[in-house]
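Here's the structure we're looking at; comments come further down.
The values are calculated or read from the model by the stated rules, or taken from the named source; none is laboratory data. Keep in mind it's a predicted model, so treat the numbers as computed, not measured. Cβ placement follows ideal geometry from the backbone for every residue including glycine, while neighbour counts extend to all protein chains displayed. Quick note on the areas: whole protein, heavy atoms, side chains included, nothing else; ligands and nucleic acids left out. Shrake-Rupley method; radii C 1.70, N 1.55, O 1.52, S 1.80 Å.
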Amino acid sequence: MNVLLVRVDDRFIHGQILESWIPHLKAQNVVVANDELASDHFQKVIMSMAIPERISLRIVPICEALNLSDDCELDDKRTLVIVSSIRDAHELFMQGFIYMKLNIGNNKGSEGAKQISYSVWVDEVDLDMLKELMDRGVEVNLQSVPRERNIDMKTIIGMVSP
Amino acid sequence: MIVGRMEGFRACSFFQGSEVDKLRKTLKTSIKEVNTGQGVIILTDMFGGTPSNISLSFLEEGEIEVITGVNLPMVITALTKREGKSLKDLAQTLKEQGSHNISIASEILSTNIGKK
């Protein structure tokens with residue numbers, strides 16, 4: 001599995017992913033790592049119906065994402081990974097699921113979180129986690145769709161941190 | 001604008017940055033408000049999009065139907081041709097009307113001009 005990008009998106013598989021990110025990344029595989037969705041059979045079926053047939057889809061609980069590297073069907077497929085929150089993206093990385101690029105697209109954040117773009121909210125825990133990921137060499141950006149302006153988290157983290 | 005004020009109809013907007021849970025709640029309330037016991041049809045833009053994903057979770061056979069890939073003629077038909085139709089029949093009519101109403105102007109023009 002060739003992980004091109006991890007994206008924080010609490011809408012999981014939807015228009016922006018289907019029409020923008022999959023074609024842009026030329027993704028061959030999409031992984032959604034989310035405990036709630038992985039146990040919601042109905043939503044899983046709906047989301048898998050929307051994905052073009054040539055693209056494989058795996059919807060797994062966070063703790064099982066790491067096992068996908070042994071999935072020989074995924075081999076070196078170009079992969080987009082979707083999680084619902086910065087916390088989950090951080091957990092994935094700390095578990096040993098290593099990635100180089102993190103994109104924050106849509107997240108509603110916790111109560112009292114601060115809005116840093118029209119679709120992204122972060123609290124202090126999120127910011128600390130992002131700093132940690134950035135310290136470990138992960139490139140973090142804010143961007144809804146590839147055609148939109150890409151904001152490097154490095155350039156704004158000083159302004160948004162308390 | 002085209003058919004005037006309508007009863008038994010709600011427009012639920014979903015914007016970039018809107019919360020998914022909020023849309024779910026809005027839909028739930030709206031379904032309750034418009035349902036007179038004869039069922040509800042939810043019209044959404046594209047299959048696979050968030051509005052469609054959320055709407056599909058309300059699907060209930062004979063009670064709540066979801067139609068995706070909707071255009072304005074379909075919305076108008078839904079409002080003006082629903083009287084006396086079952087949920088299933090109306091849904092079928094809308095699907096047919098939807099694709100029937102798509103046209104390439106130069107094609108219709110050449111056909112019509114050719115007739116004269």
Original post:
What are the GluC sites (Glu not before Pro) within segment A:127-158 that DSSP puts in a loop, where the Cβ has at most 10 other Cβ atoms within 10 Å?
Top reply: none
Original post:
For chains B and A, what's the summed buried accessible area, probe 1.4 Å, to the nearest 100 square angstrom?
Top reply: 1300
Subject >> Exercise: per-residue mean of other protein chain Cβ atoms within 10 Å, B:14-20 >> reply: 5
**OP:** Take every Cα pair under 8 Å in chain A that's 6+ residues apart, average their separations, divide by the length, and report that relative contact order as a whole percent.
**Re:** 29
Original post:
Taking the DSSP beta bridges in the protein assembly as shown as the whole, what percent of them are antiparallel, to the nearest 5?
Top reply: 20
Original post:
In square angstrom, what is the accessible area per residue of chain A with a 1.4 angstrom probe?
Top reply: 49
Subject >> Where chain B is the region considered: accessible area per residue in Å², 1.4 Å probe >> reply: 68
Original post:
When Cβ neighbours within 10 Å are restricted to other protein chains, what is their mean count per residue of peptide A:114-127?
Top reply: 1
Original post:
Sorted by average packing, counted as other Cβ atoms within 10 angstrom per residue and highest first, what order do B:49-61, B:25-37, B:82-94 take?
Top reply: B:49-61, B:82-94, B:25-37
**OP:** Please give the average number of partner chain Cβ atoms lying within 10 Å of the Cβ of each residue in B:42-48, rounded to a whole number.
**Re:** 3
Original post:
Considering only DSSP beta bridges with both partners in segment A:1-154, what is the antiparallel share in %, to the nearest 5?
Top reply: 15
Original post:
Of all accessible surface on segment A:57-162 at a 1.4 Å probe, what whole percent is carbon and sulfur?
Top reply: 49
Original post:
Going by a ≥ b ≥ c, the root eigenvalues of the Cα gyration tensor, does chain A fall in the rounded group (a/c under 1.5), the prolate group (a/b larger than b/c) or the oblate group?
Top reply: prolate
Subject >> Length released on extending from A:GLU139 to A:ASP152, taking residue separation times 0.36 nm less the Cα-Cα span >> reply: 3.9 nm
**OP:** Beyond 19 Å between alpha-carbons counts as too far, so tell me which of A:LYS108/B:LYS25; A:LYS77/A:LYS101; A:LYS114/B:LYS28; B:LYS22/B:LYS95; B:LYS25/B:LYS88 fall in that bin.
**Re:** A:LYS114/B:LYS28; B:LYS22/B:LYS95; B:LYS25/B:LYS88
Original post:
Can you give the helix-only mean residue ellipticity at 222 nm for the protein assembly as shown, where every DSSP H stretch with n ≥ 4 adds -39500 (n - 2.57) and the sum goes over all residues, rounded to the nearest 500 deg cm²/dmol?
Top reply: -10500 deg cm²/dmol
Subject >> Surface/4 of the Cα convex hull for the protein assembly as shown, nm² >> reply: 19.3
